[in-house]
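S.K.: Sharing a structure with you now.
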Amino acid sequence: MPKHVAPFSVATCLLALGLGTALNLSRALAAPLTKENSAWNVNRNPVDKDPASYFGEWPGHPYYPSPEDWRKISIYHVMTDRFSDGDPHNNEGLYGGYDPGRVDTRHGGDFKGLASKLDYIKSLGFDAILISPIFQNPKNGYHGYEQLDYTLLDDRLGTLAEFRELVDAAHQRGMRIIVDIVVNHLSSLLYAENHLNEPAPFRFHKAEYRLLPRTEGKGYSDFQVDNTFDPAGKYCDVYGEKGELHRDDKETGTFSKSDFHHNGDLTDYHDAWNIHLGQIYGRYNDLRHCSVRVQDKIIAMTKALISSTDIDGIRIDTPMQVPLSFFKKWTPAVKSHAEKLGKANFFMFGELYAQRARAATMIGRGKTPDQYGKDAWISGEIAMDSGIHYGFYKAIVNTIIRDQLPGALKFLAGVLKGDNESYDFWDPVAKQNRNRMLNFYDNHDQRRLCTFDRGFEKSKLASVLTAFWPGIPLYYYGDEQDFSSFGTALDGHGREDMMTSVAWDRAPAAQMPNKAMLDNFDMTAPTYRFTQQLYWIRKAFPGVFDNDSVDFVWESANGGPGVVLFARQDTTKSQRLVIALNTASVDQEIEVPREKLSLGTGEIIDLLNPETHIEAPLTDASVSLKFKPLSAKILVSESSAPKLPAFVVSISPSHDQVVSSDTVEARVTFSKEMDA
């Protein structure tokens, strides 16, 4: 909304920040519950210091039930530190790192700020929010992926009470909160002996390293190092990149009493043992997931998190570096606990950055290549409900839309067929197969689509496909505001600020000046309104998303680039949408047999342009469709077209405009006539 210039006291602000920092620094860092860390600790066990005995609670709180079908939910993905700063007092916290002038440091976003923007996300059309990891990170750690344990919230994000307020506020709006959790590794407090400041080549069995603290006396509270070598120690089975099983080799010997792997760095992503035992990025301390001791600790801590916060789901980071046997124990235990709280359909999905064959071992009960297309699976326990669908991203978004490869339209049917044959989509709660893969076109690790040639048009096209393809849409924050910083997200450039931020003042972008330097909660921005329209169309056709069927209606010759039409409909065929995409960079005009559209004999309208009827006489056997370059249509019969709610189209003064007068005339323009 418009800002009014008001007096500002620098001295008062600095005093408040200094006081907040001093209070935070007085807190001792320890995962067992203490008086000093109680405000941040999801573990509420006041007596037992054994991590396997931790538990959580929220006295007097009625837990929010799971949705009946996650396929009807759309998810908005945020980096909490980059979203909204609700409390500047916590920006420094215990470990500091706050520097709003750089793209790779902390910028102050927190739980309180996110809670204040829920209506922005809700109005955009999303039912759930995936937030970045929440546990305490040392130093900068703005992204959250190098936590020290699984119980203490990062004090720069907020207290347990503030996190509960966020969850409660979301639930009051009918929204869910999903938390990103890293089970593969902790931070980097340890190093392989003789390799303090250099890579530690991967070693196996008798050649393994002793682990030493980088700073004397500083280690992890809940996970311990033991440098006692066990000559009889072995590893559990692991699966390779082609879905093949690797049993323990004939050698023995490892530091089995330690909670960590002592094998050095992950350097070969094609070697199954290196993937599962090595330190990712050459620094993050890898947990010994085959150990029952480690499994029991993480299970207890995850249960404590759910009980103390009432979250609705978990996104699992780097699951490909974790043995499958861990998930076969952790996931059922966590789901069973959530069910006892009334969350019968608690959602757990992984970052499946791998070939389909490897990912297939992790989804549902898991499948190996010899089990594809059969009622067969690795074992009866669920490893995870689904995964972030890199197959969709790489084989569909990148090839069809981003790169516009000749013939790529045929990949649509191919990817869907391959998924259905190789993935175990069994939902034990619904007792039916449900494709709950999470489809995306941008995320916090990749370069934004709009930074490529004609990227803004391609980004809109990809958002249509993501919203209506079988599975669950996962939408990356900032795309609705046309964020377009160059560079990958891993170097910080694709993790822009929604709030005002000087860090992006000189950061190059496809659209300059870089929008990320402004306040971006503009609910009248053109791409915000386009996205809003898409997701409210989804809501108007709920029956369409209770099944995974796709009817391929039409495709340009030789697989494009060109036009492709596919339909989604409910099981009774009373609701039907035809999604039409032009993936070519030129205008297209096609003739489609009316019977192929199956939209009846009446008028047909495009819900993205609902005032415009498709030009075709009712008696014609075919329908003529005209497309602008890189554009989309959502076709329905006029008789089944929903009445969409009124949306705000523009405001005056404009969003974030500074006004200096004492009075100002405010105007709000809606998408349809309103009763003032």
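The values are calculated or read from the model by the stated rules, or taken from the named source; none is laboratory data. Values in this document were obtained by computation on a predicted structure and should not be read as measured data. When we count neighbours, we look across all protein chains shown, and the Cβ atoms used for this are built from the backbone with ideal geometry, even at glycine. Only protein heavy atoms, including side chains, enter the accessible area calculation; ligands, DNA and RNA are left aside. Shrake-Rupley method; radii C 1.70, N 1.55, O 1.52, S 1.80 Å.
S.K.: For segment 639-646, indicate whether the set of residues that are open to solvent by 80 Å² or more (accessible area, probe 1.4 Å) and at pLDDT below 90 is non-empty. Let's see the steps before the verdict.
M.R.: Quick first cut of segment 639-646, residues open to solvent by 80 Å² or more (accessible area, probe 1.4 Å) only: 639, 643.
After this cut, where a residue has to be at pLDDT below 90 as well, the list is 639, 643.
Yes, segment 639-646 has at least one match.
S.K.: Given segment 89-201, what helices (runs of 4 or more DSSP H) lie entirely inside it while holding 3 or more residues that are open to solvent by 20 Å² or more (accessible area, probe 1.4 Å), touching a helix residue (DSSP H, G or I) at 6+ places or on another chain (Cβ under 9 Å) and of a type outside the set (A, V, I, L, M)? Break it down stepwise before answering.
M.R.: Working: elements: 111-115, 118-124, 160-172.
Helices (runs of 4 or more DSSP H) meeting the threshold: 160-172.
S.K.: Further question: Under 21 Å from the mean Cα position of the chain (by Cα), aromatic (Phe, Trp, Tyr) and more than 19 Å from Asp312 (Cβ to Cβ), is that true of Tyr191?
M.R.: Numbers: under 21 Å from the mean Cα position of the chain (by Cα): no; aromatic (Phe, Trp, Tyr): yes; more than 19 Å from Asp312 (Cβ to Cβ): yes.
Here the answer is no, as Tyr191 does not meet what is asked.
S.K.: Based on what the data block shows, is Leu412 modelled with pLDDT of 95 or more, more than 21 Å from Tyr372 (Cβ to Cβ), open to solvent by less than 60 Å² (accessible area, probe 1.4 Å) and not polar (S, T, N, Q)?
M.R.: Values: modelled with pLDDT of 95 or more: yes; more than 21 Å from Tyr372 (Cβ to Cβ): no; open to solvent by less than 60 Å² (accessible area, probe 1.4 Å): yes; not polar (S, T, N, Q): yes.
So Leu412 does not fit the description; no.
S.K.: Moving on. Here is a list: Pro59, Pro32. Which entry is more than 29 Å from Gly125 (Cβ to Cβ) and at pLDDT below 95? Spell out how you get there, then give the answer.
M.R.: Working: Pro59 fails: at pLDDT below 95.
Only one candidate passes the filter, namely Pro32.
S.K.: Somewhere in segment 209-222, is a residue among the hydroxyl-bearing types (Ser, Thr, Tyr), out of contact with any helix residue (DSSP H, G or I) (no Cβ under 9 Å at 6 or more places or on another chain) and not in a loop (DSSP other than H, G, I, E, B)? Please lay out each step first, then the result.
M.R.: Residues of segment 209-222 among the hydroxyl-bearing types (Ser, Thr, Tyr): 209, 215, 220-221.
Filter once more, so that each one left must be out of contact with any helix residue (DSSP H, G or I) (no Cβ under 9 Å at 6 or more places or on another chain): 209, 215, 220.
Checking which are not in a loop (DSSP other than H, G, I, E, B) leaves us with none.
Checked against the condition, which is being among the hydroxyl-bearing types (Ser, Thr, Tyr), out of contact with any helix residue (DSSP H, G or I) (no Cβ under 9 Å at 6 or more places or on another chain) and not in a loop (DSSP other than H, G, I, E, B), segment 209-222 yields no hits at all.
S.K.: Kindly provide the set of residues from segment 43-88 that are among the hydroxyl-bearing types (Ser, Thr, Tyr) and part of a helix (DSSP H, G or I), ordered by number. Even if it seems obvious, please write down each step before you answer.
M.R.: Residues of segment 43-88 among the hydroxyl-bearing types (Ser, Thr, Tyr): 53-54, 63-64, 66, 74, 76, 80, 84.
Correct list: Ser53, Thr80.
S.K.: Test each condition in (1) under 23 Å from Ala360 (Cα atoms); (2) open to solvent by 40 Å² or more (accessible area, probe 1.4 Å); (3) free of Cβ contacts under 8 Å to residues at least 24 places away in the same chain for Asp248 and report the one that comes out false.
M.R.: All conditions are met except number (2).
S.K.: If you check Leu597, Leu518, which single one turns out to be crowded, with 18+ Cβ neighbours inside 10 Å and farther than 17 Å from Glu480 by Cβ?
M.R.: Numbers: Leu518 fails: farther than 17 Å from Glu480 by Cβ.
On inspection, the qualifying residue turns out to be Leu597.
S.K.: Restrict the check to segment 279-289 and report whether at least one residue is in contact with a Ser or Thr (Cβ under 7 Å, 6 or more places away or on another chain) and among the β-branched types (Val, Ile, Thr).
M.R.: The answer is yes; a qualifying residue exists.
S.K.: OK, next. Out of the residues in segment 364-408 that are of a type in the set (A, V, I, L, M) and in contact with a strand residue (DSSP E or B) (Cβ under 6 Å, 6 or more places away or on another chain), state the one that is farthest from Lys329 (Cα to Cα). Show your work before the answer.
M.R.: Quick first cut of segment 364-408, residues of a type in the set (A, V, I, L, M) only: 376, 378, 382-384, 388, 395-397, 400-401, 405, 408.
Then drop every residue that is not in contact with a strand residue (DSSP E or B) (Cβ under 6 Å, 6 or more places away or on another chain), which leaves 384, 388.
Values: Met384: 11, Ile388: 21 Å.
Across segment 364-408, the extreme among qualifying residues is Ile388.
S.K.: When residues of segment 425-441 are filtered for being closer than 22 Å to Asp69 by Cα and either open to solvent by less than 10 Å² (accessible area, probe 1.4 Å) or touching a Ser or Thr at 6+ places or on another chain (Cβ under 6 Å) (or both), how many remain? Reasoning before the result, please.
M.R.: Within segment 425-441, the first condition is being closer than 22 Å to Asp69 by Cα, and the residues that meet it are 425-440.
Still in the list and also either open to solvent by less than 10 Å² (accessible area, probe 1.4 Å) or touching a Ser or Thr at 6+ places or on another chain (Cβ under 6 Å) (or both): 427, 435-440.
So the answer is 7.
S.K.: I would also like to ask the following. Restricting segment 490-514 to residues that are surrounded by 16 or more Cβ atoms within 10 Å (Cβ to Cβ) and farther than 25 Å from Ser116 by Cα, which is modelled with the lowest pLDDT?
M.R.: Applying the filter and picking the extreme gives Ala507.
S.K.: How about segment 521-569: which of its residues are more than 17 Å from Glu638 (Cα to Cα), in a loop (DSSP other than H, G, I, E, B) and of a type outside the set (S, T, N, Q)?
M.R.: Phe521, Asp522, Met523, Ala525, Asp546, Asp548, Val550, Gly560, Pro561, Gly562 - these are the residues of segment 521-569 that are more than 17 Å from Glu638 (Cα to Cα), in a loop (DSSP other than H, G, I, E, B) and of a type outside the set (S, T, N, Q).
S.K.: For Lys206, are the conditions met, namely being outside any loop (DSSP other than H, G, I, E, B) and either more than 19 Å from Val322 (Cα to Cα) or open to solvent by 30 Å² or more (accessible area, probe 1.4 Å) (or both)?
M.R.: On the way: outside any loop (DSSP other than H, G, I, E, B): yes; either more than 19 Å from Val322 (Cα to Cα) or open to solvent by 30 Å² or more (accessible area, probe 1.4 Å) (or both): yes.
Yes; evaluated as a whole, the condition is true for this residue.
S.K.: Looking at segment 566-594, which of the residues that are among the hydrophobic types (A, V, I, L, M, F, W, C) and in contact (Cβ under 8 Å) with a residue 40 or more places away in the chain is most open to solvent (accessible area, probe 1.4 Å)? I'd like the intermediate steps shown before the answer.
M.R.: Going through segment 566-594, the residues among the hydrophobic types (A, V, I, L, M, F, W, C) turn out to be 566-567, 577-581, 584, 586, 590, 592.
Filter once more, keeping what is in contact (Cβ under 8 Å) with a residue 40 or more places away in the chain: 566, 577-581, 584, 586.
Working: Phe566: 0, Leu577: 0, Val578: 0, Ile579: 0, Ala580: 0, Leu581: 5, Ala584: 8, Val586: 82 Å².
Residue satisfying both the conditions and the ranking: Val586.
S.K.: So which residues in segment 62-99 are of a type in the set (Gly, Ala, Ser) and either under 20 Å from Arg315 (Cβ atoms) or in contact with a Gly (Cβ under 8 Å, 6 or more places away or on another chain) (or both), if there are any at all? Full working, then the answer.
M.R.: Here is the first cut: in segment 62-99, the residues of a type in the set (Gly, Ala, Ser) are 66, 74, 84, 86, 93, 96-97.
Scanning segment 62-99 gives Ser66, Ser74, Ser84, Gly86, Gly97.
S.K.: Among the residues of segment 328-335, is there at least one that is under 26 Å from Leu277 (Cβ atoms), open to solvent by less than 10 Å² (accessible area, probe 1.4 Å), out of contact with any Lys or Arg (no Cβ under 6 Å at 6 or more places or on another chain) and hydroxyl-bearing (Ser, Thr, Tyr)?
M.R.: Restricting attention to segment 328-335, the residues satisfying the condition of being under 26 Å from Leu277 (Cβ atoms) are 328-334.
Then drop every residue that is not open to solvent by less than 10 Å² (accessible area, probe 1.4 Å), which leaves 330-331, 334.
Narrowing further to those that are out of contact with any Lys or Arg (no Cβ under 6 Å at 6 or more places or on another chain): 330-331, 334.
Next, from what is left, pick out any that are hydroxyl-bearing (Ser, Thr, Tyr): 331.
Yes, the conditions are met somewhere in segment 328-335.
S.K.: Shifting gears a bit: Can you go through Phe541, Phe486 and tell me which one is open to solvent by less than 40 Å² (accessible area, probe 1.4 Å) and aromatic (Phe, Trp, Tyr)?
M.R.: Working: Phe486 fails: open to solvent by less than 40 Å² (accessible area, probe 1.4 Å).
The unique qualifying residue is Phe541.
S.K.: Would you call Glu480 open to solvent by 10 Å² or more (accessible area, probe 1.4 Å) and under 30 Å from Ala567 (Cα atoms)? Working first, answer last.
M.R.: On the way: open to solvent by 10 Å² or more (accessible area, probe 1.4 Å): no; under 30 Å from Ala567 (Cα atoms): yes.
Taking the combined requirement at face value, the residue does not satisfy it.
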